[in-house]
Amino acid sequence: MNNAVSDEILGAYIDNELDPQERASLLDQFTADSSLRGRACELWQLKQMVRGAYPMPAQKSAPAGRRSFGSPRWTHALAASLLVTLGTISGWLAHGRADAERLMANQIETIRAEGGRVVLHLFSDEPARMEAALSMAEQLANARDRAGQPFRVEFIANGPGLHLLRAGGSPYAARIAALRNHANLRLIACREAMGRMQERGIDVTLLPGVEEAPSAEGELATRLTQGWRYVQS
Amino acid sequence: MSLLRFISRPRHFEKKLEESRPRLCRLAYSWTRNRALADDLVQDTLAKALDRHAQLQDPEALHAWLCSILAHTWHDHLRNRRDTVDIDAVEERELTADCCPEADCLQNEIVLRVREAVGRLPEGQREVVTLVDLEEFSYAEVATILEIPIGTVMSRLSRARTALREALKDQQQPAASATVHKLKVGS
């Protein structure tokens, strides 16, 4: 009976408007209720479709053909892909490490069964989420597929999540540096999010080895089209 | 304010305004569904902002402030047009005759369908959903920009998404087939 959770609450969840307690309560309900998860997933897709339908017009001074927003074709990827995963990593700091690693191992086994390609998406600067995303990235970077080859992993940060990849702004710079030693993992910052931070006067120098993509949405679209797993922190 | 700051601020401010133009154009286009009208509204908005630059207390709130001016400008335009024109007829004609900013958009059925669905929302719902989804404003910021209670923001947003979901349901991945994984650590 997920009708007890209103569309307004689910909308507030995908818009990151819930407080931590409300979010935790909803996540507990997601565990037991697949149709509730499905409703959240539908709303998330709708939000991405609206975003993808309005590319940013190029500035007149920009070089011809330059786009500041990912191709709207990515909406096709969302519509077509059966591999979208709304993964949420939470509660990391509040609970035991052993349980955490067991649960992550289950996730990694699922990803392995589906080819070992995964995009890990961070759109938050909440410490628990950044910690969880980093821990997952570290596990994924060391994982191997059924043929014994390393997973292919993209760690994409946008919105407030960009802070994780900022030089001077990330509390995890040493761990990010360690991740760079894995050739199978790419760290990617959303250039649109960088622009928005710079508009607010925030210096956005990226940590060494972090790549830029024109937009997180565009990069996610490409990978979803190619059948990669999606995990959101 | 020192004389130097008084003299230099408008020039610096003008540059900031120009940097905001693409985002404002995108938002205005999502409201008006007409590229030329969107450009005009943004031009008016930027001109007003330049005149009123002393009213902006918090430079970090520049974009929200500009969106608020844009919303007022758009509402004024609608009021004036309603005096003389059948708005439904105009909107329908503009919807079919207007062009997308990029050629490949024209070939993208989903994009056109999303824009059409957004365009058919009531004005207030369309403004809220685009401010939240495109501009990534918080509900509180949207309430300030549109001068409405936050509860109204939430209810308009929810109604807008219900309407969009209905209009676009065959474009979405079926919820039942969506694999939704939660990695909730240790709880």
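The values are calculated or read from the model by the stated rules, or taken from the named source; none is laboratory data. The structure displayed is predicted, hence computed values, not measured ones. Note that we place each Cβ from the backbone using ideal geometry, even for glycine, and neighbour counts take in every protein chain shown.
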I want to confirm something. Restricting to the stretch A:202-233 and keeping residues that are surrounded by fewer than 23 Cβ atoms within 10 Å (Cβ to Cβ), among the polar types (S, T, N, Q) and in contact with a helix residue (DSSP H, G or I) (Cβ under 8 Å, 6 or more places away or on another chain), which single residue is farthest from A:E109 (Cα to Cα)? A:T222
When the residues of the stretch B:117-144 are narrowed to those that are over 26 Å from B:E60 (Cα atoms) and touching a residue at least 40 places away in the same chain (Cβ under 8 Å), which ends up surrounded by the most Cβ atoms within 10 Å (Cβ to Cβ)? B:V118
Restricting the search to the stretch A:27-79, which residues are buried (at least 21 other Cβ atoms within 10 Å of the Cβ), small (G, A, S) and modelled with pLDDT of 50 or more? A:A40, A:G52, A:A53
How many of the residues making up the stretch A:174-203 are among the aliphatic types (A, V, I, L, M), at pLDDT below 90 and more than 20 Å from A:L220 (Cβ to Cβ)? 1
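Yes or no, residue by residue, for (1) touching a Gly at 6+ places or on another chain (Cβ under 8 Å); (2) farther than 19 Å from A:C41 by Cβ; (3) at pLDDT below 95:
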{"site": "B:A89", "(1), (2), (3)": "no, yes, yes"}
{"site": "B:D98", "(1), (2), (3)": "no, yes, yes"}
{"site": "B:Q107", "(1), (2), (3)": "no, yes, yes"}
{"site": "B:L112", "(1), (2), (3)": "no, yes, yes"}
{"site": "B:L146", "(1), (2), (3)": "yes, yes, no"}
{"site": "B:R159", "(1), (2), (3)": "no, yes, no"}
{"site": "B:Q173", "(1), (2), (3)": "no, no, yes"}
{"site": "B:T179", "(1), (2), (3)": "no, no, yes"}
{"site": "B:S187", "(1), (2), (3)": "yes, yes, yes"}
Of (1) touching a Ser or Thr at 6+ places or on another chain (Cβ under 6 Å); (2) surrounded by 18 or more Cβ atoms within 10 Å (Cβ to Cβ); (3) free of Cβ contacts under 8 Å to residues at least 40 places away in the same chain, A:E8 satisfies all except one. Which? (2)
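Which residue, of A:Q139, A:Q149, A:Q107, is among the polar types (S, T, N, Q) and out of contact with any helix residue (DSSP H, G or I) (no Cβ under 8 Å at 6 or more places or on another chain)?
Step by step, each of A:Q139, A:Q149, A:Q107 is checked, and only A:Q149 is among the polar types (S, T, N, Q) and out of contact with any helix residue (DSSP H, G or I) (no Cβ under 8 Å at 6 or more places or on another chain).
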Residue check, B:E19 against (1) surrounded by fewer than 17 Cβ atoms within 10 Å (Cβ to Cβ); (2) touching a Leu at 6+ places or on another chain (Cβ under 9 Å), all met but one. Which one? (2)
